[in-house]
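Peer 1: Okay, here's the structure, questions in a sec.
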Amino acid sequence: MSRNAQRKAAVNDKNDPAYWKLIKGGDFVGIRDAEAFAQELADAGAHGNAAGPISVSDYTAGEIRIFALQGRESSRTGPRASLGAASPGEYRFIELLKEGALSFYLTLVEAEGRSELRLYFIPEGLACGTRDELIDRGETWLFLPPPKPDDFKSSELEYAPYPDVPEIQEGGESRKLLFAPSLSGKSLYGEAQDTLAAVIITEYAAQIQEGDAAPDNPLLLVLEEGWILSDGSQPEEGGYLTPMLGRVLDGANVDYYPSS
């Protein structure tokens with residue numbers, strides 16, 4: 001048995017976060033299309049035999065980034081002092097690459113006693129950049145209005161609990177989704193394992209109106225890196241923000257294969 005095969009065989013329970021932590025850059029990841037899978041079962045009818053092979057999207061694992069958590073805070077001041085303490089969890093983003101396709105991020109979330117597998121991507125129409133860059137482009141939907149609109153620093157802005165997210169393309173059509181705070185409504189603070197940059201992770205969930213179809217990607221995550229410097233000061237331009245949309249994945253629909 002090869003070393004890579006031994007690595008995968010060491011943990012074979014997909015409900016165990018350790019299983020997903022074995023994925024390394026260059027490994028292969030297959031994700032079954034849940035909607036296509038359901039349609040294939042329907043097509044099979046009472047015979048219980050799938051009409052054809054189940055749809056699977058195959059990717060290669062690229063960069064893996066890990067953000068160790070230090071907990072939730074209600075204020076943007078002071079949490080840097082807690083960095084370096086024992087982490088209560090982490091967000092592990094595994095980049096999934098496929099030629100000619102959008103990059104996805106298989107994400108293992110371990111926080112506050114829960115473990116969850118998700119799939120995120122950076123959607124067209126939600127810009128990335130520093131706080132200053134976003135505000136200069138008019139991308140102010142993520143923040144609460146400043147007390148003094150003519151005299152403020154972007155680093156001082158607070159995240160809006162109900163952000164006015166721009167219309168999102170879904171199923172070939174533009175759709176306006178309403179997002180609300182996820183869980184406690186407070187951001188998570190932590191540190192990037194590779195750059196040691198202080199990070200803020202803020203989560204939202206789409207609110208489904210009566211009669212509306214559930215969105216394919218009801219989760220909104222905003223990652224802000226470098227929002228505070230090692231000396232405790234905040235850069236005036238603010239941290240670098242990456243907004244992502246995503247959904248929870250059933251681990252049973254995901255497989256990985258160690259590269260040879």
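The values are calculated or read from the model by the stated rules, or taken from the named source; none is laboratory data. Please read all numbers here as calculations on a predicted model, not as lab measurements. So basically every Cβ, Gly included, is an ideal-geometry build from the backbone, and we count neighbours across all protein chains shown.
Peer 1: For the stretch 206-228, which positions are surrounded by fewer than 14 Cβ atoms within 10 Å (Cβ to Cβ) and either outside any loop (DSSP other than H, G, I, E, B) or modelled with pLDDT of 95 or more (or both)?
Peer 2: The one that is surrounded by fewer than 14 Cβ atoms within 10 Å (Cβ to Cβ) and either outside any loop (DSSP other than H, G, I, E, B) or modelled with pLDDT of 95 or more (or both): GLN207.
Peer 1: Identify, from the list LEU126, LEU41, the residue that is at pLDDT below 95, surrounded by fewer than 18 Cβ atoms within 10 Å (Cβ to Cβ) and outside any strand (DSSP E or B).
Peer 2: LEU41
Peer 1: Can you pull out the residues in the stretch 225-260 that are charged (D, E, K, R), without any contact (Cβ under 8 Å) to a residue 40 or more places away in the chain and either closer than 21 Å to ASP164 by Cβ or in contact with a strand residue (DSSP E or B) (Cβ under 9 Å, 6 or more places away or on another chain) (or both)?
Peer 2: The initial filter retains those residues of the stretch 225-260 that are charged (D, E, K, R), namely 225, 231, 236-237, 247, 250, 255.
With without any contact (Cβ under 8 Å) to a residue 40 or more places away in the chain added as a condition, the list becomes 225, 231.
The one that is charged (D, E, K, R), without any contact (Cβ under 8 Å) to a residue 40 or more places away in the chain and either closer than 21 Å to ASP164 by Cβ or in contact with a strand residue (DSSP E or B) (Cβ under 9 Å, 6 or more places away or on another chain) (or both): GLU225.
Peer 1: With the requirement that a residue be modelled with pLDDT under 90, on the phi < 0 side of the Ramachandran plot and in contact with a helix residue (DSSP H, G or I) (Cβ under 8 Å, 6 or more places away or on another chain), what does the stretch 231-251 give you?
Peer 2: Selection gives GLN234, GLU236.
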